[in-house]
1. Just the residues that are out of contact with any Gly (no Cβ under 9 Å at 6 or more places or on another chain) and within 21 Å of MET147 (Cα to Cα), please, taken from segment 204-223.
2. Restricting attention to segment 249-294, report how many residues are in a helix (DSSP H, G or I) and either among the charged types (D, E, K, R) or farther than 23 Å from ILE23 by Cα (or both).
3. Please determine, by comparing only the residues of segment 275-289 that are of a type in the set (Asp, Glu) and farther than 17 Å from TYR351 by Cα, which one is surrounded by the most Cβ atoms within 10 Å (Cβ to Cβ).
4. Within segment 637-647, identify whether any single residue is in a loop (DSSP other than H, G, I, E, B) and crowded, with 22+ Cβ neighbours inside 10 Å, and answer yes or no.
5. Can you find a residue in segment 216-224 that is crowded, with 17+ Cβ neighbours inside 10 Å, of a type in the set (Val, Ile, Thr) and touching a Cys at 6+ places or on another chain (Cβ under 9 Å)?
6. Where residues in segment 510-538 are assigned to a strand (DSSP E or B) and either without any contact (Cβ under 8 Å) to a residue 12 or more places away in the chain or surrounded by fewer than 19 Cβ atoms within 10 Å (Cβ to Cβ) (or both), which of them is farthest from the chain's Cα centre (by Cα)?
7. Starting from residues that are of a type outside the set (D, E, K, R) and surrounded by fewer than 21 Cβ atoms within 10 Å (Cβ to Cβ), keep the ones in segment 89-100 and report whichever is nearest to VAL137 (Cα to Cα).
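The values are calculated or read from the model by the stated rules, or taken from the named source; none is laboratory data. Keep in mind it's a predicted model, so treat the numbers as computed, not measured. As a convention, Cβ positions derive from the backbone with ideal geometry for all residues, glycine included, and neighbour counts pool all protein chains shown.
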Amino acid sequence: MSRKFPNLFSSINVGTHTYKNRIIAAPIYCGTFATFPPLSPMFFQAFEARAKGGYAQVTIGETPVDFEYANREPFPPIDYTDYNDPAFGKLKKVVDNIKSNGGMALIELCHCGESKLFIPGLKNPIGPMGYVREDGVEVQAMDEVLMQKVIANFVISAKFMKAAGFDGVMIHAGHGWLIHQFLSSRTNARTDEYGGSLANRAKFPIQLIKSVRDAMGKDFIVEIRVSGDERIENGMGIEEVTEFCKMVEEFADIIHVSVGLYRNPILSGQFSSMFEPHGLNAEMSEAIKKAVSIPVAVVGGINSPELAEKLILEGKCDFVALARQLTADSEFANKAEAGNAEDITPCLRCYKCFPGPLEDNIDDLASLFGCTVNPEAFYYDTNVLNSKPSGSRNVLVIGGGIAGMEAAIVAADRGHKVTLVEKSDSLGGLLKFTDTDAHKDDLRAFKDLLVRRVNKRDIKVVFGKEVTTVDIRSFGADAVILAVGSAPIMPAINGIENAIKALQVYDDLNKVGQRVIMVGGGLVGCEVGLHLAEHGRNVTIIEMGDKVAPDCYPMHRLALVHEMDKMLHYRTSVKCTAIAPNGVTVVDRTGKEEFMVADTVIYALGMQANKATAESLRTAAVGVPVYEIGDCVRAAKVYEALREGFVAAMSIL
C-alpha cells in the first residue's frame with residue numbers, strides 16, 4: 001500500500017473477486033479496432049501500455065453486440081458464435097497481457113440504437129420510438145421480438161468475451177445509447193409497458209442486464225455504465241439514474257458513473273474540457289454510492305492521484321476511472337504507488353486525442369489522433385522507437401522551451417552528455433504565460449514538470465546566453481538541436497504602435513484597460529481574450545475570417561467558443577485597417593467602415609518562426625547533424641514541438 005495514497009492503493013472486493021487497488025483504466029478504443037488495420041496499431045499500443053501500468057482493471061471500449069443493428073462504424077464485423085473469428089485471437093492477446101500484469105480485463109458491450117450511422121446495405125436503426133431522423137433515416141420502433149433479439153446478442157457476445165479470457169463485461173447504459181434511450185423520457189415516449197414511469201422505462205434494460213448475469217454466473221463481473229445526468233434540456237437527471245441503479249444492483253458488481261451524451265460530447269461533459277472542474281462527476285457518484293451496496297466508479301477529468309485519493313477518502317466513489325489521462329501517462333498508477341506522483345504527466349483535456357465522433361472522421365481517423373503531452377502515444381515508427389545509440393554523444397540544445405526541454409530530457413535519458421542553452425533567465429519558452437492564464441493550470445503543470453525533469457537529470461543548463469555562430473563552431477558538439485522559437489508577427493497596420501502584443505498581457509494585467517479590442521481571432525487571440533474577460537474586462541474580438549479559433553482542435557473549439565459566448569463579444573468577417581490610441585477602424589466585407597472605441601487594443605495575428613536565426617546556426621554547425629524543431633520551423637502547437645523534440649533526440653545515434 002502506498003503511504004501517500006493509502007485509500008487509492010487499498011484492495012476491495014468486487015463480486016467474488018478482489019481488486020488490488022482503486023484505479024480503473026476506463027473504456028477507450030473500440031474492440032473492433034483490433035481487426036481494422038488503420039487503427040489496430042493504436043489499439044495494441046494503448047492496451048500494451050495500460051496492461052503494464054498497474055491498474056486494478058483495464059477496460060476495452062465500446063464494442064457492438066451485433067453488426068446488424070448495434071454498430072455505429074463500418075468496421076469489420078465480429079461473429080460472436082465463431083471462436084475462430086479473427087477478433088477472438090486478437091482480443092485474447094490483449095486480455096492475456098492485461099491479466100499477466102495483474103489486472104482484471106473487461107470489455108464494454110454496446111448497442112447504439114437509434115443513433116446508428118446509416119451504412120448503405122445494412123438495416124435502419126432501431127430504438128424505443130419509431131420516427132424519421134433529421135438526416136432522413138427512418139428509425140424502427142422495437143417490439144418485444146427485437147428486444148429479445150438484442151438481449152440474446154448481449155448474452156452471446158458476453159459468452160464470446162468470456163471464452164476469450166475476459167473477467168467480465170461493462171454494459172453501456174449511458175451516453176445516449178440504446179439502453180439509455182429506453183431509460184430517458186426524453187427519448188422514450190412509449191405508451192405500452194415499456195414507457196411512462198421509470199419502472200416501465202427500465203423494464204427492458206433490467207431484463208437485459210439480468211439475462212447477462214444469469215447466463216454468465218456470479219464469478220463473471222458485470223459492470224453497468226450510466227450517465228448520471230444527460231445535461232440537456234428535459235434530460236434524465238441524477239434522481240432517476242440513482243433509482244435505476246438501485247433497481248439493477250442485485251445483478252451488477254460495479255456501477256460506473258459518467259455523464260452526458262455522445263452526440264453532444266463536449267457541452268454535455270461526456271469528454272470534459274479544460275473549462276470543466278476536475279472530477280466533475282463526483283457529486284453524482286456520491287449520490288449513487290449512498291443508494292447502493294455495490295462498488296461505484298467515477299470517471300471524468302481526474303488527472304492527479306491527489307484528487308483520486310481525496311474522492312475515495314471522502315466517500316465520493318470506490319474507484320476512479322481514468323481514460324485520456326492514461327494516454328497522457330500510462331504509468332499513472334505505478335508512479336503514484338512508487339512515490340513518484342510528481343513525475344506524472346497530466347492530461348490537458350485539449351482533445352488532440354479525440355478528433356470528434358468516429359463517424360464524422362471515418363475517412364481520416366488514423367492521422368487525427370495524437371497526444372499533446374505524450375510524444376510516444378500514437379507514434380509507430382519502430383525504427384525510431386527501437387533505436388539504440390552506439391555511444392554517448394555531446395549534444396547541444398539551443399532553446400529552453402517545450403521542444404528544447406523535451407529534446408534535452410530524452411537525449412540525457414539515452415546516455416548523451418547534454419548542454420541546454422536558454423537566452424532568458426528561466427525555462428519554459430512561450431508557455432511561461434501559463435503561470436497567470438485563467439484556464440491553463442494543467443498546461444502550467446506540464447511545463448513545470450518538464451522543468452523538473454530537466455533539473456533532475458545531469459543536464460548542464462546555461463541561462464542568459466544567446467548562442468552565436470562562433471559558439472557553435474567552438475562547442476565541439478556531436479549533434480545540435482535548434483529550438484530557437486518564434487516571435488509574434490508585427491502586422492502592417494497603420495498605428496500598430498498603439499497596440500500591445502497578446503502575450504504581453506500576462507506580464508502586467510494592470511496595463512490593460514476596461515474596454516478591450518483584440519485584433520485577431522485565432523486560438524491565441526480567443527484564449528487571451530477569454531482570460532481578460534475572466535478578469536473583468538469588456539472584450540471584443542475582431543477576426544477577418546469567417547469563424548473564430550479556426551486553428552484549434554475541433555472539440556476544443558466547441559468548448560472554447562461556448563465559454564466565449566458567455567463572457568465576451570466577437571465579430572467575424574471584419575478587417576482592422578487602422579489602430580488609434582482610443583480604438584480601431586474596421587471594414588467589413590461589404591466595404592462598410594466603422595470605428596470601434598477601446599481603452600486598450602491588443603493584437604494576436606500569429607507567430608513567425610525564427611528561421612533566420614536557425615539557418616545561421618545550422619550553417620555554422622559544419623559536419624555534425626542538426627535538428628530544427630518546434631517554432632523555429634514554423635509556428636507550432638505544443639503537440640508538434642514536443643513530438644519533434646522527442647524524435648530529434650531519439651535520432652541521435
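1. Within segment 204-223, the first condition is being out of contact with any Gly (no Cβ under 9 Å at 6 or more places or on another chain), and the residues that meet it are 204-215, 217.
Answer for segment 204-223, where residues must be out of contact with any Gly (no Cβ under 9 Å at 6 or more places or on another chain) and within 21 Å of MET147 (Cα to Cα): PHE204, PRO205, ILE206, GLN207, LEU208, ILE209, LYS210, SER211, VAL212, ARG213, ASP214, ALA215.
2. In the first step, residues of segment 249-294 are kept if they are in a helix (DSSP H, G or I); the result is 249-251, 282-291.
Restricting the remaining residues to those that are either among the charged types (D, E, K, R) or farther than 23 Å from ILE23 by Cα (or both) gives 249-250, 283, 286, 289-290.
Residues that pass the stated criteria total 6.
3. From segment 275-289, those of a type in the set (Asp, Glu) are 276, 283, 286; that's our starting set.
From the residues that got through so far, the ones that are farther than 17 Å from TYR351 by Cα too are 283, 286.
Working: GLU283: 14, GLU286: 20.
Ranking the qualifying residues of segment 275-289, first place goes to GLU286.
4. Here is the first cut: in segment 637-647, the residues in a loop (DSSP other than H, G, I, E, B) are 637.
This time we only want the ones that are crowded, with 22+ Cβ neighbours inside 10 Å, so: none.
Within segment 637-647 (the criterion being in a loop (DSSP other than H, G, I, E, B) and crowded, with 22+ Cβ neighbours inside 10 Å), the answer is no, since none of the residues qualifies.
5. So the first thing to find is which residues in segment 216-224 are crowded, with 17+ Cβ neighbours inside 10 Å, and the list is 216, 220-224.
Then drop every residue that is not of a type in the set (Val, Ile, Thr), which leaves 221-222, 224.
With touching a Cys at 6+ places or on another chain (Cβ under 9 Å) added as a condition, the list becomes 224.
Scanning segment 216-224 turns up at least one residue that is crowded, with 17+ Cβ neighbours inside 10 Å, of a type in the set (Val, Ile, Thr) and touching a Cys at 6+ places or on another chain (Cβ under 9 Å).
6. From segment 510-538, those assigned to a strand (DSSP E or B) are 515-519, 538; that's our starting set.
Retained after the next criterion (residues that are either without any contact (Cβ under 8 Å) to a residue 12 or more places away in the chain or surrounded by fewer than 19 Cβ atoms within 10 Å (Cβ to Cβ) (or both)): 515, 538.
On the way: ARG515: 35, ASN538: 31 Å.
The extreme case among them is ARG515.
7. Within segment 89-100, the first condition is being of a type outside the set (D, E, K, R), and the residues that meet it are 89, 91, 94-95, 97-98, 100.
From the residues that got through so far, the ones that are surrounded by fewer than 21 Cβ atoms within 10 Å (Cβ to Cβ) too are 89, 97, 100.
Details: GLY89: 36, ASN97: 41, SER100: 46 Å.
Among residues in segment 89-100 that are of a type outside the set (D, E, K, R) and surrounded by fewer than 21 Cβ atoms within 10 Å (Cβ to Cβ), the one nearest to VAL137 (Cα to Cα) is GLY89.
Yes or no, residue by residue, for (1) part of a strand (DSSP E or B); (2) assigned by TED's automatic domain parsing to the domain that holds LYS316; (3) not hydrophobic (A, V, I, L, M, F, W, C):
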| site | (1), (2), (3) |
| --- | --- |
| ARG3 | no, no, yes |
| THR32 | no, yes, yes |
| PRO38 | no, yes, yes |
| TYR55 | no, yes, yes |
| ALA70 | no, yes, no |
| PRO77 | no, yes, yes |
| LEU91 | no, yes, no |
| ASP96 | no, yes, yes |
| GLU108 | yes, yes, yes |
